[in-house]
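Single-structure report; data block below.
The values are calculated or read from the model by the stated rules, or taken from the named source; none is laboratory data. Nothing here was measured: the structure is a model prediction, and the numbers come from that model. Cβ placement follows ideal geometry from the backbone for every residue including glycine, while neighbour counts extend to all protein chains displayed. Quick note on the areas: whole protein, heavy atoms, side chains included, nothing else; ligands and nucleic acids left out. Shrake-Rupley method; radii C 1.70, N 1.55, O 1.52, S 1.80 Å.
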Amino acid sequence: MPLNAFTHLQTRSEPLSVGHQGQFPVVTISFNLGVGYSLGQALGAIDAVIANEKLPPSVIAGYQGTAAAYESSQSNEGLLILAALITVYIVLGVLYESFIHPLTILSTLPSAGVGALLALRLFGLDLDIVGIIGIILLIGIVQKNGIMMVDFALELERNERKETTEAIYQAALLRFRPILMTTLAALLSGIPLAFGTGIGSELRKPLGVAMVGGLLFSQVLTLYTTPVIYIFFDKLASRFSRRSRNQAPNVQPQGGTA
């Protein structure tokens, strides 16, 4: 019986080897970034193409290498910042034995984050992992402004029996010079990173820009907002403590006769 009676012969090109990842065959497609585009924009465009193609369930798309590392860092950055804030709150709460004063100190952080994001946007830089590191670094640098003022105000209230408004006012005046000195020292150290040139400068630039922008913006705002928030939280705490005392049951002593 001839072979072509039950077979069909055809000549075509086939790969010499088939790549595998685990037990599944894979096809690797590499790409380079165009001028003026970031890795996040490239991954977003690739995800849009994959969604529009409506691939069958048997085809699974994934990233490897730098793209996979970027995707992993983006998914964990929120948890990283949240963990840093919770750690700072716990340490400050133990230090001041209060639930409210740590919030006053942490109120300086939003202005630093907004300043860092505005600076990155102004210079046309993306919020990459280096920029995230700069924002986390700002958490430690900027909160010292609130620590200096709150710590000094609490000392005036306890030792000299000053009112809350007068204590935080004196703290803002007397702590202005050390706050300005430490802020300028950190800010000037970030300028070479922000405006430096040479090999690898594009990697360090988001860190410097985030530091400089966050410190400038927070320095202008926190000297005004921190005393206001300190007074507000102190009045809020006094109101709650007064309400709890009023709601406490009055127990009258009962005397007996012999």
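State whether the residues of region 86-102 include one that is in a helix (DSSP H, G or I), open to solvent by less than 40 Å² (accessible area, probe 1.4 Å), over 30 Å from A237 (Cα atoms) and at pLDDT below 85. Write out each step before concluding.
Here is the first cut: in region 86-102, the residues in a helix (DSSP H, G or I) are 86-96, 101-102.
Within this subset, residues satisfying the condition of being open to solvent by less than 40 Å² (accessible area, probe 1.4 Å) are 88, 92-93, 96, 101-102.
Then drop every residue that is not over 30 Å from A237 (Cα atoms), which leaves none.
No; the residues of region 86-102 include none that is in a helix (DSSP H, G or I), open to solvent by less than 40 Å² (accessible area, probe 1.4 Å), over 30 Å from A237 (Cα atoms) and at pLDDT below 85.
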Among (1) modelled with pLDDT of 80 or more; (2) not in a helix (DSSP H, G or I), which single condition is P253 missing?
(1)
Just to be sure I understand, how many residues within region 185-211 are hydrophobic (A, V, I, L, M, F, W, C), open to solvent by 80 Å² or more (accessible area, probe 1.4 Å) and more than 21 Å from the chain's Cα centre (by Cα)?
3
For region 106-128 the number of residues that are part of a helix (DSSP H, G or I) and surrounded by fewer than 18 Cβ atoms within 10 Å (Cβ to Cβ) is 6
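I want to confirm something. Restricting to region 111-142 and keeping residues that are within 19 Å of L203 (Cα to Cα) and of a type in the set (V, I, T), which single residue is modelled with the lowest pLDDT?
If we filter region 111-142 for residues that are within 19 Å of L203 (Cα to Cα), which is where we start, we get 116-138.
Narrowing further to those that are of a type in the set (V, I, T): 129-130, 132-133, 135-136.
Details: I129: 76, V130: 81, I132: 80, I133: 82, I135: 82, I136: 80.
The qualifying residue modelled with the lowest pLDDT is I129.
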I need the full set of residues from region 48-68 which are farther than 23 Å from L203 by Cα, small (G, A, S) and surrounded by 10 or more Cβ atoms within 10 Å (Cβ to Cβ), in order please.
A48, A51, A61
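Kindly evaluate T28 against the criterion of being open to solvent by 60 Å² or more (accessible area, probe 1.4 Å) and assigned to a helix (DSSP H, G or I).
On the way: open to solvent by 60 Å² or more (accessible area, probe 1.4 Å): yes; assigned to a helix (DSSP H, G or I): no.
Criteria not met by T28.
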With the condition kept exactly as written, say whether any residue in region 39-47 is out of contact with any helix residue (DSSP H, G or I) (no Cβ under 7 Å at 6 or more places or on another chain), surrounded by fewer than 10 Cβ atoms within 10 Å (Cβ to Cβ), of a type in the set (D, E) and free of Cβ contacts under 8 Å to residues at least 12 places away in the same chain.
no
Reported set for region 3-16 where residues are at pLDDT below 80 and open to solvent by less than 100 Å² (accessible area, probe 1.4 Å) is A5, P15
Residues of region 144-198 satisfying the condition of being touching a residue at least 24 places away in the same chain (Cβ under 8 Å) and either more than 23 Å from L221 (Cβ to Cβ) or among the aromatic types (F, W, Y) (or both):
Y169, F176
Restricting the search to region 129-143, which residues are in contact (Cβ under 8 Å) with a residue 60 or more places away in the chain, closer than 11 Å to G214 by Cα, open to solvent by less than 40 Å² (accessible area, probe 1.4 Å) and not small (G, A, S)?
I135, L138, I141, V142
Tell me, please, whether a residue that is farther than 18 Å from I105 by Cβ, modelled with pLDDT under 85 and not hydrophobic (A, V, I, L, M, F, W, C) can be found in region 166-188.
no
